[in-house]
Each structure stands twice: as structure tokens, then as C-alpha cells.
Amino acid sequence: MEYFEKKEGSIFFIPLFLPGGVKENIKNYKSFKFSENETYAYGRLIEKNDSTGDLIEIFKYTGEIPKDKNIILNSGRLTEPIHTTLAFDRSRWRFIFETDNYDKNKDSNYSEITFILGTENSFDLWKGGTKQRISNDEAKKYNPWTIFNPTRVEDAIKTNNLALLQQ
């Protein structure tokens, strides 16, 4: 199986058969041999950011690795985009398809992705890469900027409990 470099727009797999738990997030999987016939979930890297978490979207398709990435892309999003860390650095999740001419606005609706930053009485709305101050009441409408570890994402998908990906 061929793997690709971490690049915005690339499609990655999320193994749904690896052990969970906090300690598993720091385990290095660089030498692990993944099988094409296992059950995976799939996502796309929208924006790389090693300091505040990579922005990803996860798709509805789960199963063996398909021959055509459009099977994944055409399945639609499972949930709103989230931030994650450790999954790629430790090779737990790996890139299996590249996307030529990826446009995060066109392909991932980047300009409409929103998160809340800050604390009570000082909230900023992050929307499509820009920030603006908003009221406490307005802030309640949006998800906070939270960085999720890989096992939490995997658990949410395996148990179909997407509430685990919200705070």
C-alpha cells in the first residue's frame, strides 16, 4: 500500500480496530503494517497546523480501503470539521489519496467553518480563518475550538457517539 505525505486536501484513513485509551495516542505506528481489508473511517486534511491542531473533516464512508477516493468524498461529511493532533505524527492515521488542485473553500467549504475561541466575556468567532469579537449569547451557537486526540475520534466513530467530538 502506498502512503503519501501530510498535505492539505489529502485523504487519510482512520483505523477502527486499533486499541483505544490515552496511552495509545503516543504510541508510534510507523512500522505497523496496515491491511487494505480492515475497517477504516476516512477523512481529509483541510488545514495543517502543528501548534493548534490540524483541521480535518471526516466522511460517512467506513469499510475497506476503496480503489477510488470518490467513494469516500461522495459519502458526505459525518460531522462538522474538527481539530486533531498526534494521529499523523505517530503514523496512526495515514494518507492514502492525494487531491490535485485542492481548494479548501470550494472542496471543504472552509469559509463557513466556525469555532469559538476565548473565555466568558471575551469570545472570538473563528470563521474561515478570520476572527471577530462576538457576544456571550452569540458564542453559545458555536462549537469551541477543541483539539481531539486520535483515540477519542476513533471512539466517537466506532460507537456512533458524535457528541464525543463536541465540548
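The values are calculated or read from the model by the stated rules, or taken from the named source; none is laboratory data. These numbers come from a predicted model, not from an experiment. Note: accessible area is taken over every heavy atom of the protein model, side chains too, but ligands, DNA and RNA are not part of it. Shrake-Rupley method; radii C 1.70, N 1.55, O 1.52, S 1.80 Å.
Centre-to-centre separation between the Cα atoms of the range 12-52 and those of the range 106-121: 24 Å.
Return the subset of 48/106; 67/104; 69/104; 6/104 for which the Cα-Cα distance in this structure is over 21 Å, preserving the input order. Table pairs above 21 Å Cα-Cα are 67/104.
If you roll a 1.4 Å probe over the chain with all protein chains in place, what percent of the accessible area is carbon or sulfur? Walk me through the intermediate numbers first.
Details: 3950 of 9010 Å².
Looking at the chain in its full context, I get 44 percent from C and S.
Remark: the range 62-167 carries 55 Å² of accessible area per residue (probe radius 1.4 Å; ligands, DNA and RNA excluded).
Over all distinct alpha-carbon pairs, what is the Kirkwood Rh of the chain in angstrom?
Numbers: mean 1/r = 0.0605 Å⁻¹.
It works out to 16.5 Å.
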